[in-house]
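Following: one structure in structure tokens, then a few remarks.
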Amino acid sequence: MASKSESRTGSSSTETFTIHYFATASQYTSKNTERLPAPLPLSELYPLLEERYPGIREKILSSCGISLESEYVDVVEDAQKVIQAGDEVAIIPPVSSG
């Protein structure tokens, strides 16, 4: 298995991150997960998803939480963070209790 430092010569899976879509995000994309190119600045995540799934920013992402490596992040406040190869990102719609 190639390490992150070998990503240029290793398998393509080391040059991607995994994004998980839950609930409405999964319905909108028709996917539960996919791999996207890495590294990717967090500030470019929404534009990339909007390019792939027109309308997702307004209809889905505006009300969702984003986690990077199991920690919630804010795409504005944490814009300087970079999603690295092998990282996991999740799009988490609001959870209601009843």
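The values are calculated or read from the model by the stated rules, or taken from the named source; none is laboratory data. Worth saying up front: this structure is predicted, and the values here are computed from it rather than measured. With ideal geometry, Cβ positions are generated from the backbone for all residues, glycine too; neighbour counts draw on all protein chains shown.
Some points to look at:
- Subset tally (residues that are over 21 Å from Thr16 (Cα atoms) and either surrounded by fewer than 13 Cβ atoms within 10 Å (Cβ to Cβ) or at pLDDT 95 or above (or both)) for the stretch 75-98: 7
- Taking residues in the stretch 52-71 that are farther than 18 Å from Ile83 by Cα, and partners anywhere that are surrounded by 13 or more Cβ atoms within 10 Å (Cβ to Cβ) and of a type in the set (S, T, N, Q), the pairs with Cβ atoms closer than 6 Å and at least 6 places apart or on different chains are Tyr53/Thr29; Ile60/Thr24.
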